[in-house]
Amino acid sequence: TPDANGFTTVTATQGAAGAHDTVSIVNKTKNTSFPALVDPNGGFSATFQVALGDKLLVAISDQSGNQTVVALPPFTRTNADGSQSTVVGSAGGRVSGPGGTAVDVPAGALPDGTILTVKAIDEASFPTQLTLEQKEFFSFGGGIQLDFGGATPAQYVNVSLPTTGGETRDDRWIVGQVLTVGG
């Protein structure tokens, strides 16, 4: 993730490139390129200025001119509260959250540069509690809190929760959404 001055560092471990390869980090969004310093062990590192929504690639060229290009994943950070924030663009995609949660964002649902924060919610923190009568028939399976950073999805997103371990093929789930209406 870019630091307070807008810089980020891309680092690879040993063996990622050959000792005599040329490595560049390509910013497809800004159509710029940054050279990486290749270590004798094949690791490399490059520090450069970026924006959160920039799409980055690593281009490794050997001495014969063969090139390998790999897309880097979008910027992601784990927040102090355990939530996970990931930059999502108009291409959509799967955003992994904490504790095995995930959000599938369809293409065109969010504008480029949207920061999607996913937080797993336990039963005690869930805004609606099951009554004793409801607990006779239902149990809490999990909760997810989503923050789209001020954006409103143009399409529905799909959310996923991890299993609790005791599910059978005959189990049924109820999925709900907590909304505040009129304050």
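The values are calculated or read from the model by the stated rules, or taken from the named source; none is laboratory data. Predicted model, so just to flag it, every value in this text is computed and none were measured. Note: accessible area is taken over every heavy atom of the protein model, side chains too, but ligands, DNA and RNA are not part of it. Shrake-Rupley method; radii C 1.70, N 1.55, O 1.52, S 1.80 Å.
Computed quantities for the displayed model
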quantity: Segment 55-183 - percent of accessible surface contributed by carbon and sulfur, probe 1.4 Å; calculated: 52 percent
quantity: Candidates GLY113, GLY93, GLY53: whichever shows maximal mean-square fluctuation once the chain is modelled as a Gaussian network with Cα springs under 10 Å; calculated: GLY93
quantity: Surface per residue (accessible, 1.4 Å probe) for segment 44-183, Å²; calculated: 66 Å²
quantity: With eigenvalues of the C-alpha gyration tensor scaled by 5 and rooted, segment 95-183, Å; calculated: 26, 17, 12
quantity: Sequence-distant lysines (8 or more away, or on other chains) whose Cα lies within less than 16 Å of LYS55; calculated: LYS28, LYS30
quantity: Whole-angstrom gap from segment 5-27 to segment 40-87, using each part's C-alpha centre; calculated: 8 Å
quantity: GNM flexibility winner over the chain from ALA102, ALA51, ALA154 (Cα, springs under 10 Å); calculated: ALA154
quantity: Computed over segment 70-160: relative contact order in percent, which uses C-alpha pairs under 8 Å that are six or more apart; calculated: 29 percent
quantity: Prolate/oblate/rounded label for segment 28-68 (Cα gyration tensor, a/c 1.5); calculated: oblate
quantity: Coarse-grained scattering of segment 1-160 at q = 0.15, 0.16, 0.17 Å⁻¹, given as base-10 log I(q)/I(0) from a Debye sum over alpha-carbon atoms; calculated: -0.89, -0.96, -1.03
quantity: Per-selection Rg to Rh, segment 42-128 - Cα, Kirkwood hydrodynamic radius; calculated: 1.10
